[in-house]
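Asker: Got a structure for you, written out below as structure tokens; questions coming shortly.
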Amino acid sequence: MGDVDPVFRALADPTRRALLDELFARDGQTLVSLTARHDMTRIAVAKHLKILEDAGLVVSRRRGREKLHYLNPVPIRLVHDRWVSKYAEPWAAGLAGLKHELEEQMEKVFEIYIRTTPERLWGAITDPAIRAKYQFGASIESDWTAGSSYRLGDPAAERSLIEGENLVVERPSRLVQTMRALWGPDAERAGTSRVTWEIEPVGDSCRLMVIHDQLPPDAPAELYGGWPMILSGLKTWLETGQTLTTPGSLMYLPQQ
């Protein structure tokens, strides 16, 4: 899944780019909603969505009877890390900064495939030293039991960057946590949201889905815009043992 060719092929079609623009403007739409904005049949739109899903640019989830489609910027982040950052620095990082004004709580869905085992991936998420290698130097502390607390940040600092509670701990397949960001006034005003990590083995790899939901409609993009960078760094570390130092990551580093 490291090949970026499917992403480039999917983005080459103007209709598919338009569908991504629709999801950029309003995430979590149904096929009916997306079809209504295009002079195309539902079958034609579904075919385009299938290509986008195969490229990892769109992720679908069931909610009751509805099937909702979400923009997944992680493959775009991977393209940026591999190609764009060598030629152009901070401007491309804006691809990850998604903000939407909705009437209800926001839900952001991110998906990535990593060539590793579920146990090794779980360890990379929960191990303090490894977490710091891909989440901008911030380590994580917890005893990883349901109902326990966790904190993310510099262990020597008086104040955490993130604090929360482990709601569900099912090693090595599912972790559900509350998240309260404390790194700045705007993030702190957003209150508590929820992050779900879902790990599914697929052949010699793992499908990792991160769902960040229960976000207020006016949540600042800094709360969820960093996920593509974090997941790209996680993939790079597990598959190569290297850390990412792309310039775009610097915009999410806490101010000293």
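The values are calculated or read from the model by the stated rules, or taken from the named source; none is laboratory data. Here the structure is a predicted model, which is why all the values come from computation and not from measurement. No Cβ is skipped: glycine too gets one built from the backbone with ideal geometry, and neighbour counts run over all protein chains shown. Accessible surface areas use protein heavy atoms only, side chains included; no ligands, DNA or RNA. Shrake-Rupley method; radii C 1.70, N 1.55, O 1.52, S 1.80 Å.
Asker: From a point 7 Å beyond the Cα of residue 186 in the direction of its Cβ, which residues of segment 215-232 have a backbone N at a distance under 14 Å?
Answerer: It comes to 218-226, nothing else.
Asker: Enumerate the calculated ³J(HN,Hα) couplings along segment 184-198 in order (Karplus 6.51 cos²θ - 1.76 cosθ + 1.60, θ = phi - 60°), each rounded to whole Hz, writing x wherever the residue is Gly or Pro.
Answerer: Karplus-based 3J(HN,Hα) across segment 184-198 equals x, x, 5, 5, 5, 5, 5, x, 9, 10, 9, 10, 10, 9, 10 Hz.
Asker: So, with a 1.4 angstrom probe, what is the percent of accessible area on segment 1-73 that is carbon and sulfur?
Answerer: Carbon-and-sulfur percentage of accessible area, whole number: 53.
Asker: Using just the C-alpha positions of segment 108-256 as equal point scatterers, what log10 of I(q)/I(0) does the Debye formula give at each q in 0.11, 0.14 1/Å?
Answerer: -0.39, -0.65
Asker: Let me ask something additional. Which far-off residues, 5 or more places away or on another chain, put their amide H under 5 Å from the one on residue 174, with H placed in the peptide plane?
Answerer: Long-range HN contacts for residue 174: 199.
Asker: Distance between Cα centroids, segment 113-190 to segment 22-49: provide it in whole Å.
Answerer: So the separation of the two Cα centres works out to 35 Å.
Asker: Sticking with this structure for a sec: Could you work out how much longer the chain between residue 37 and residue 148 gets when fully extended? Use 0.36 nm per residue separation minus the Cα distance between them, nm to one decimal.
Answerer: Extra length from residue 37 to residue 148 when fully extended: 35.4 nm.
Asker: Would you grab the residues whose amide H sits under 5 Å from the one on residue 58? Only those 5+ places off in sequence or on another chain, please, with H modelled 1.01 Å from N.
Answerer: Here the answer is 53, 72, since their amide H atoms fall under 5 Å of that of residue 58.
Asker: How large is ³J(HN,Hα), in whole Hz, for each residue of segment 67-74 in order, when computed from phi with the Karplus curve 6.51 cos²θ - 1.76 cosθ + 1.60 and θ = phi - 60°, using x for Gly and Pro?
Answerer: Per-residue couplings from phi come out as 10, 9, 10, 10, 6, 10, x, 4 Hz.
Asker: Roughly what would the spin-label model give for residue 65 and residue 26, points 7 Å off Cα along C-beta, in nm?
Answerer: 2.0
Asker: From the backbone phi of segment 22-28, what are the Karplus-calculated ³J(HN,Hα) couplings (6.51 cos²θ - 1.76 cosθ + 1.60, θ = phi - 60°) in whole Hz, Gly and Pro given as x?
Answerer: Values, residue by residue: 4, 6, 5, 6, 8, 7, x Hz.
Asker: Given R₀ = 30 Å, FRET efficiency for residue 158-residue 221 by Cβ-Cβ distance, to 0.05?
Answerer: Result of the calculation: an efficiency of 0.65.
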